[in-house]
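**Q** Have a look at this one before I ask anything.
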Amino acid sequence: MLHIKCPHCGIRSQNEFSYGGDATVKRPELNKEVTDQEWDNFVYNRVSPRGKHLELWQHLSGCRQWIKVERDTATHEIFKTYKANEEVA
Amino acid sequence: MAQGYRIETGGLINRNKKISFKFNGVTYFGYEGDTLASALLANGVHLVGRSFKYHRPRGFFGAGVDEPYAVVQLYRNGETEPNIKATEQELFEGLEASSVNCWPSVNFDIGAINNVLKIFLPAGFYYKTFMWPKSFWYKIYEPFIRKAAGLGVASTKHDKERYEHKYEYCDLLIAGSGPSGLASAYSAAKNGAKVILAEDKPRYGGSLLTSDVNIGNQLGKDWADGIISELKEMPNVTLKNRSQVFGYYDHNMLVMSEKVSDHLPKTKKYHPNKRLWYIRAKEVLISSGSIERPIVFGNNDTPGVMLSSAAKEYLKVYGVLVGKKPLVFTNNDSGYETAIEFKKHGVDPIVLDSRLNPQSEIIDEAKNLGINIKNSYVVVAAQGYKKVKSADVATISEDKKTLGKIENIICDCICVSGFWTPTIHLASQSGNKTKFNEEIDAFVPGASKQNESTLGAANGVFTLEETLKTSFEKGKELSKKITEKDNEVSIPNVVEKKYSKHDKFWCVPLPKGKSYKRFLDFQNDVAVSDVEIALREGYRSIEHVKRYTTLGMATDQGKTSNLNGLQLVSEIENKVVPSVGHTTFRPPYTPISIGAIVGREVGKHSKPTRKSPIHNWHEEHNAVFVDAGVWLRPRYYKRGNETLFEASKREAKNVRTNVGVCDVTTLGKIDVKGPDAAEFLNRVYTNAWLKLPVGKARYGVMLREDGIVMDDGTTTRISENHYHMTTTTAQAANVLSHLEYYLQLVWPELNVNVVSTTEQWAGAAIAGPKSRDLLKKLFPKTDVSNEGLPFMGYVEGDLFGVKARIFRISFSGELAYEVNVESDNGRFMWERIIEFGEEFQIQPYGTEALSTLRIEMGHVAGSELDGRTIPYDNALEGLLSKKKDFIGKRSLQRAAFVADDRQRIVGVVPLDKKTSIPEGSHLVKDANAPLPNKKLGHISASCWSVEYDNPFSLAILKDGKNMIGEKLFVMSPLKNKVIPVEIVSSHYVDPKGERVRS
Ligand SMILES: [Zn+2]
């Protein structure tokens, strides 16, 4: 079980969080024309890297904030966590 | 019965307390402090089971967790548990156990025919034989294998024992209480660290319980006892015996199983049977010691052949002789310790040492005691079927390839020592890449992966002096990092015997003309010849060899077999062991009860039970409840001998003719507040929200980004910047997360807050043609006329002094209202509704009637919004705004979603107007078409229409729009039903929706 440092609450166990997928995906702006390919990339297409991955987690049973977690998908090492609105270094 | 193999004095058992127990129906006696194994051995019982594949007789091989043979079925306090190691099970008064893997009895076992036929059961036998014909699998092979295999029988009864889970944090978790565990725990504890010291056995001390050493001028065991009593007094130390740390997981989380009650005849009141600890440790010290390796020789699985360390433990801890004519077969000095122990108790052992001329202190001691030692000698084969009767022995050449003339020595047990294998499971589970140590012919942990260090024998350090020194130092070093204290602990002086080098010898060659089975894996019956076959057939990777032969795949995870298996593969392949590599160690280290893993989460505790504030009233009025997600909801209110069908029909009918009331507290409720709330709703829902006036409700549908309907519900504008959103009971939590996602990540510029208010409000739906008349009585000061409170209107009202929210919304399709009050007033509200509703023939209705009402109205719910349908499929395309963008809108352009023959909701009526249609059935064109019959759609929900008094269903049907009036068939192979049906509109009752507006 992972130990995740919520930037709002501190270190908590994984079972307080829920996983939210790739944090680098950006939703196309509202009312903007997008091609099928662009839309598919947003909704469906994901890379599944072995190694560093920036991902979203929600501190569901805590502060309910969505946070960004930089994690190694192979070793589960967590390098850094960010608030939702924080720039990722 | 006398205990013929118990010595007069000695051991750590309590001879003042005699305990009676039963094994295979026979009553025996033992002492408090015995294990089932030591007590049986004291009584001369060596035959405890049959092996897995060949059903060969099985005795005891070890004295602890490494035991591959003595697996029994345990009976305790009316419960039974399979897969119990007799070497670990402590004796208690009234214990009963029986052998497994044998039928009809351990002495006469029909499965032993496999032993005679063993030529037919070589490696890969199951893979090769049970392949074809396919039909044989279910009828012949599987039943046969199921009957033949197994390590006991799980109880089918409800387990009345209780199991607990505990979460703990500590600075240092130390696994194992041998010399290294005690030393590191002591120095860390003295340095102020929070320490948990776990020992899987009942007694602390590990190897110090059986070894002849001196620490700080006292016996090793006395030193251990002193440390333990000091640790027990320290508030920063948790000492746990009978506790196995069995898994090392990510981020330094370890799981430990504590056997709280297994050693007692009965679990104490308020105590659990077992407790599973989830421990998050800053640092982990692995002092799990080592396990003796066997030497492989012919018939080495015969009862009476056992590890030499086990024989010593039975003698020193339990005062039990495993034999009276022992033969010790060793390739190192450890065997001599066992031999000396025998000799001290008046039993003459013979030592066979594979080495040519070994010299050491301990060998000298054995010689001085007059022990018969034969150098360059090996055991070729054990003789005897159910018990060792003698051993064929021979000299062996220095290259270990050639045997001399076979001689026979009478003996009743063979104690084997093939040197020591560090127990590295925990280190390996942590991700540590282990490395092969040539010095000891075994793997040891490599560089630490997580915050773990391995000490003592587990790290391949076999001298006590070095073990204590490194462990004291490590305990201090790690605790200093955490507590920043620097308390010095002096390291005691150590007196121990120096060992000479062990012989790199692990397998006795077969003598000419003999084909003895030489077993590697004792639990899965894997012999040298099986591994040879696997290699001959082309299996190379050790992981493949393991799976093909099942070597190391039994419940003991190859604790005594893995290394010898690797030696064999490396020898045949002409490789060195490290390049062969070992198989992966996976948790759990030893079998863990399913009960312990499940913990308290059984039955009603498997999920929280949420009850509405009106629950007690429902109970008092004969409600029959149903689980709706985590909620308990009344399904129907039983009158007399009514069935579910009769009651729900009565309740639904009463809504259509008079008025009914339904507890809708469970509906998800979310407060949406802020100046941008309208804009936010406009993006979340598919329809337009910017112009909804205060005091009005609107029905909305929200999609996922992939265009699939996520949820529906009504949202009401309570005031300028405050909306009250409702969700379905099931989706409430998901919808809140969904809203938070968009507010926090996608549109953080919107000034909106959302919060769940589900539990803050109690809700009652009042539905039926007389509902307005009732409302007038409940709210005499509020204008609830059709003009004052029109359909989709909202007002606040005063319910006899209680503030209430009145929504004119309808799920039943009737004229209906929903009244909300603060939860604490829920029952007050409900009782007033019932009281004033009496004159209008009010009846409460449950979820079954609620479903009936919505189905015949064609209102969609969870069974249609099942995560696979888009708005069009549910006839909700009218709610899709063309003017604005919303979540998921772009996906609705996908080709499949706009296809002409897209699936769509329809109504289904059986032609005979009588036959009920099972939910989940398929719709087909031709009932007699060859299989697989093409499915056109499925029945999503079924009811008995109270309006028309015949069955009615909703279905999602391909090209549903153009299918109205068609005749199809409903097929339910599960219920063996074929029903001719007509497709009708999904709006079966009041298709124009006039009633809700009346
Ligand atoms: Zn948090």
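The values are calculated or read from the model by the stated rules, or taken from the named source; none is laboratory data. Remember, predicted model here, so these are calculated numbers, not experimental data. When we count neighbours, we look across all protein chains shown, and the Cβ atoms used for this are built from the backbone with ideal geometry, even at glycine. Ligands, DNA and RNA are excluded from the accessible area calculation, which covers all protein heavy atoms including side chains. Shrake-Rupley method; radii C 1.70, N 1.55, O 1.52, S 1.80 Å.
**Q** Viscosity 0.692 mPa s, temperature 37 °C: Stokes-Einstein D of chain A from its Kirkwood Cα radius, in µm² per second?
**A** In µm²/s, the coefficient is 233.
**Q** Another question about this same structure. Averaged over peptide A:26-33, how many Cβ atoms belonging to another chain are found within 10 Å of each residue's Cβ?
**A** 4
**Q** Another question, if that's okay. Alpha carbons only, please: Rg and Dmax for chain B, in angstrom.
**A** For chain B, the Cα radius of gyration and maximum Cα-Cα distance read 37.5, 114 Å.
**Q** Right, next: If you line up the Cα atoms of segment B:228-277 on their principal axes, what length do they span on each, largest first, in Å?
**A** So the extents along the principal axes, rounded to whole Å, are 37, 29, 16.
**Q** Taking a ≥ b ≥ c as the square roots of the eigenvalues of the Cα gyration tensor of segment B:663-853, is the shape rounded (a/c under 1.5), prolate (a/b larger than b/c) or oblate?
**A** Prolate, since a/c reaches 1.5 and a/b exceeds b/c.
**Q** Let me ask something else. What whole number of Å gives the distance from the Cα centroid of segment B:664-722 to the Cα centroid of segment B:35-101?
**A** Result: 65 Å between the Cα centres.
**Q** Here's another thing I want to ask about it. Under a 1.4 Å probe, what is the accessible area of the protein assembly as shown per residue, stated in Å²?
**A** I get 43 Å² per residue for this part.
**Q** While we're here: In segment B:663-853, carbon and sulfur make up what percent of the accessible area (probe 1.4 Å)?
**A** The value for segment B:663-853 is 50 percent carbon and sulfur by accessible area.
**Q** Now for a different question. Any residues in segment B:268-284 that have 30 Å² or more less accessible area with all protein chains than in their chain alone, probe 1.4 Å, and which are they?
**A** Residues of segment B:268-284 that lose at least 30 Å² of accessible area once the other chains are added: B:Arg280.
**Q** A 28 angstrom limit on the alpha carbon distance is what I want to check against. Which of B:Lys669/B:Lys958; B:Lys274/B:Lys386; B:Lys673/B:Lys882; B:Lys17/B:Lys232; A:Lys68/B:Lys476; B:Lys194/B:Lys435 exceed it?
**A** The pairs that break the limit, which is 28 Å between Cα atoms, are B:Lys669/B:Lys958; B:Lys274/B:Lys386; A:Lys68/B:Lys476; B:Lys194/B:Lys435.
**Q** Ok, one more. Restricting to bridges with both residues inside chain B, how much of the DSSP beta-bridge set is antiparallel, in percent to the nearest 5?
**A** Roughly 75 percent of the beta bridges in chain B run antiparallel, per DSSP.
**Q** Going out from 0 in 10 Å bins, what whole percent of all Cα-Cα distances in segment B:518-585 drops into each bin?
**A** That works out to 24, 63, 14, in percent per bin.
**Q** For segment B:608-649, what class follows from the C-alpha gyration tensor (a ≥ b ≥ c being the square roots of its eigenvalues): rounded when a/c is under 1.5, otherwise prolate if a/b is larger than b/c, else oblate?
**A** oblate
**Q** Another question, if that's okay. Rounded to whole Hz and in sequence order, give me ³J(HN,Hα) for segment B:203-217 from the Karplus expression 6.51 cos²θ - 1.76 cosθ + 1.60, θ = phi - 60°, writing x for Gly and Pro.
**A** These are the phi-based 3J(HN,Hα) values: 9, 7, x, x, 5, 5, 6, 10, 9, 9, 10, 10, 10, x, 6 Hz.
**Q** Of the options B:Ser812, B:Phe969, B:Val802, report the single residue whose Cα projects farthest towards the positive end of the charge dipole of chain B (beta-carbon charges: Lys, Arg +1; Asp, Glu -1).
**A** Farthest towards the positive end: B:Phe969.
**Q** If you don't mind, there's one more thing I want to ask. Rolling a 1.4 angstrom probe over the protein chains, ignoring ligands and nucleic acids, what is the accessible area of B:Cys411 in square angstrom, nearest 10?
**A** Per-residue accessible area (B:Cys411): approximately 0 Å².
**Q** Regarding segment B:347-456, what's the average projected area of the Cα-atom convex hull, expressed in nm²?
**A** Across all orientations, segment B:347-456 yields a mean hull projection of 10.1 nm².
**Q** Using a 1.4 Å probe on the protein heavy atoms only, what accessible surface does B:Lys374 show? Give it in Å² to the nearest 10.
**A** My reading of the accessible area for B:Lys374 is about 50 Å².
**Q** Return the loop-located chymotrypsin sites (Phe, Trp or Tyr not before Pro) in chain A (DSSP other than H, G, I, E, B) with at most 14 other Cβ atoms within 10 Å of their own Cβ; answer none if there are none.
**A** A:Tyr44
**Q** Let me ask you something else. Would you rank B:His345, B:His544 by solvent-accessible area, highest first, keeping every protein chain in place and using a 1.4 Å probe?
**A** Putting B:His345, B:His544 in descending order of accessible area: B:His544, B:His345.
**Q** Name the residues whose placed amide hydrogens come within less than 5 Å of the amide hydrogen of B:Cys413, ignoring near sequence neighbours (fewer than 5 apart) on the same chain.
**A** B:Lys325, B:Leu327
**Q** Using 1/(1 + (r/R0)^6) with R0 = 45 angstrom and r between the beta carbons of A:Arg46 and B:Thr483, what's the FRET efficiency to the nearest 0.05?
**A** Computed FRET efficiency for A:Arg46 and B:Thr483 comes out at 0.50.
**Q** How many square angstrom of accessible surface are buried between A and B, both sides summed, with a 1.4 Å probe and rounding to 100?
**A** The contact between B and A buries close to 2400 Å².
**Q** How would B:Asp676, B:Asp773 line up by accessible area, probe 1.4 Å, largest first?
**A** Accessible-area ranking of B:Asp676, B:Asp773, largest first: B:Asp773, B:Asp676.
**Q** Considering all projection directions equally, how large on average is the shadow of the alpha-carbon convex hull of segment B:949-998, in square nanometres?
**A** Its average projected convex-hull area is 4.9 nm².
**Q** Do any of A:Lys52/B:Lys449; B:Lys374/B:Lys498; B:Lys240/B:Lys344; B:Lys190/B:Lys221; B:Lys325/B:Lys405 go past 25 Å between their Cα atoms, and which?
**A** In this structure, B:Lys240/B:Lys344 lie more than 25 Å apart at Cα.
**Q** What lysines does B:Lys977 reach when the alpha-carbon gap must be under 20 Å and sequence neighbours fewer than 8 apart in one chain are set aside?
**A** B:Lys913, B:Lys914, B:Lys925, B:Lys934, B:Lys935, B:Lys967
**Q** How much length is gained on full extension from B:Thr757 to B:Thr555, taking 0.36 nm per residue of separation minus their Cα-Cα distance?
**A** 67.7 nm
**Q** Sticking with this structure for a sec: Per-residue ellipticity at 222 nm for chain B, helices alone: DSSP H runs ≥ 4 residues times -39500 (n - 2.57), over residue total, nearest 500 deg cm²/dmol?
**A** Computed mean residue ellipticity for chain B: -6000 deg cm²/dmol.
**Q** Let me ask another. Which stretch or stretches of segment A:39-62 have amide N atoms under 16 Å from the point lying 7 Å from A:Tyr19's Cα along the Cα→Cβ direction?
**A** Of the residues in segment A:39-62, A:46-60 have backbone N under 16 Å from the label point off A:Tyr19.
**Q** With loop defined by DSSP as not H, G, I, E or B, and exposure as at most 10 other Cβ atoms within 10 Å, which is the longest segment of chain B clear of exposed chymotrypsin sites (Phe, Trp or Tyr not before Pro)?
**A** B:271-998
**Q** List the trypsin sites (Lys or Arg not before Pro) within segment B:154-236 that DSSP assigns to loop and that have no more than 10 neighbouring Cβ atoms inside 10 Å.
**A** Counting only loop positions with at most 10 other Cβ atoms within 10 Å, the trypsin sites (Lys or Arg not before Pro) in segment B:154-236 are B:Lys157, B:Lys160.
**Q** Can you compute the charge dipole magnitude of segment B:389-457 about its Cα centre, using +1 on each Lys and Arg Cβ and -1 on each Asp and Glu Cβ, nothing else charged? Give it in debye, rounded to the nearest 20.
**A** The calculation lands at about 260 debye.
**Q** Among the complete DSSP H segments of chain B, which ones combine at least 27 Å of alpha-carbon extent along their axis with a mean Kyte-Doolittle hydropathy of -1.0 or more?
**A** Passing helices, by number: B:464-483.
**Q** If I model a spin label as a point 7 Å beyond the Cα along the Cα-Cβ vector, how far apart are those points for B:Glu839 and B:Ser972 in nm?
**A** About 4.5 nm, to one decimal.
**Q** What Kirkwood radius, in Å to one decimal, follows from the Cα pairs of segment B:464-565?
**A** 18.0
**Q** Also, I was wondering about something else. Taking a ≥ b ≥ c as the square roots of the eigenvalues of the Cα gyration tensor of segment B:630-671, is the shape rounded (a/c under 1.5), prolate (a/b larger than b/c) or oblate?
**A** In terms of gyration-tensor shape, oblate.
**Q** Please list, in chain and number order, the residues 5+ apart from B:Tyr31 or on another chain whose amide H is under 5 Å from its amide H, with Hs placed from the backbone.
**A** B:Ile19
**Q** Then there's this: Using bins 20 angstrom wide from zero, how does P(r) for the protein assembly as shown break down, in % of all Cα pairs?
**A** Histogramming the protein assembly as shown at 20 Å steps yields 11, 31, 28, 22, 8, 0 percent.
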